[in-house]
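Below: the structure, in structure tokens.
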Amino acid sequence: MQKLLFAFAVTLLAAGAQAQSAKYHDAMKQSVDMLDTAHSLPTMIDLAHRFERIGDAEKTQSLPYYYAAYCQVMTTFLGDDKTKTDEIADKAETLISKAEGLDKPTSETYVVRSMIATAHLMVDPQNRYMQYGAASGEALRKSEQLDSTNPRPVYLEGQSKFYTPEAFGGGKTVAKPVFEKALSMFGTFKPASDIAPRWGQHATEYFLSLCN
């Protein structure tokens, strides 16, 4: 009798875990699909909060905090008010640290760390370039070291060269082959799952069109 009760309890726990897992996946899949077409500041803010709520509810999943950090830092690039950029970038850093704490630093988390450093840099490029320019570049190097097939660090490298004045080694001519490389990599890159990071291809195509 005790064995039967034990087996029944194990079955109930397994069924509960599967239901929770399906609920998590559905919430993430819906949010990641929304991210594919998110181009406005209000939508990106909403998604940042949405992913953070999923992370707080799940407690053991790193991916929601990764996306929450990505969406937070994206709001600093979409908005015009730079007075809160440092505060938002710090929030994004807290979230990406949570993601790395639940799993480990990955090629994708270093991409977001590079974006966070760039956000701090853009507040005062002239006075912050030495600190945050170096931090952004170092994060991209670590990202590429961890996964040489990831197109996102290459895309961000192209974006950096695009916005760097020609007098300092940047410009459209320098950025174009980097974007072409990133686009080629997007063509062969296979995300680990249907909720794994896949953003960047449309932005790469957009910047490449500006280089032609």
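Derivation of every value follows stated rules applied to the coordinates shown; laboratory data play no part. Remember, predicted model here, so these are calculated numbers, not experimental data. Reconstructed Cβ throughout: ideal geometry from the backbone, glycine too, with neighbour counts over all protein chains shown.
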Legend entry - Helix 107-123 vs. the chain, principal-axis angle (Cα, 0 to 90°, nearest 10): 50 degrees
Inset, instruction - Using only alpha carbon pairs under 8 Å that are at least six residues apart, calculate the relative contact order of the chain and give it in whole percent. - result: 14 percent
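Under a Cβ-Cβ cut-off of 11 Å, what is the net charge of the residues other than Lys161 that fall near it, where Lys and Arg count +1 and Asp and Glu count -1? Walk me through the numbers on the way to the answer.
Numbers: positive: Lys172, Lys176; negative: Glu157, Glu166.
Overall, the nearby charge balance is 0.
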Legend entry - Rounded tilt (10° steps) of 2-36 against the dominant C-alpha axis of the chain: 20 degrees
Legend entry - Cβ-defined net charge surrounding Tyr70, 11 Å radius [Lys, Arg +1; Asp, Glu -1]: +1
Legend entry - Selected from Ala99, Ala134, Ala69 as most flexible by GNM, with the chain as the system and alpha-carbon contacts under 10 Å: Ala134
Inset, instruction - Go ahead and set up a Gaussian network model of the chain, Cα springs under 10 Å, then flag whichever of Thr75, Thr188, Thr118 fluctuates most. - result: Thr188
Inset, instruction - Would you please classify the overall shape of the range 15-139 from the alpha carbon gyration tensor, given that a ≥ b ≥ c denote the square roots of the eigenvalues, rounded means a/c under 1.5, and beyond that prolate means a/b larger than b/c while oblate covers the rest? - result: prolate
Inset, instruction - Under a 10 Å cutoff between Cα atoms, tell me which one of His49, His39, His120 has the largest fluctuation in the Gaussian network model of the chain. - result: His39
Inset, instruction - Using only Cα atoms, tell me the angle between helix 63-78 and the longest principal axis of the chain; keep it within 0 to 90° and round to the nearest 10. - result: 30 degrees
Inset, instruction - Please give, to one decimal in nm, the separation of the simple spin-label points placed at Arg141 and Glu205, each 7 Å out from Cα toward the Cβ. - result: 3.4 nm
Legend entry - Length released on extending from Lys23 to Glu87, taking residue separation times 0.36 nm less the Cα-Cα span: 19.8 nm
Inset, instruction - Indicate the gyration tensor shape class of the range 61-211 (rounded, prolate or oblate), computed on the Cα atoms with a ≥ b ≥ c the square roots of the eigenvalues: a/c under 1.5 is rounded; otherwise a/b larger than b/c is prolate and the rest oblate. - result: oblate
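How much mean residue ellipticity at 222 nm does the chain get from its helices, if each DSSP H run of length 4 or more adds -39500 (n - 2.57) and you divide by all residues, to the nearest 500 deg cm²/dmol? Could you put the intermediate results ahead of the total?
Details: 10 runs with 162 residues, N = 212.
Computed ellipticity for the chain at 222 nm equals -25500 deg cm²/dmol.
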Legend entry - Label-to-label distance, nm, for residues given as Asn127 and Phe77 (7 Å Cα→Cβ offset): 2.5 nm
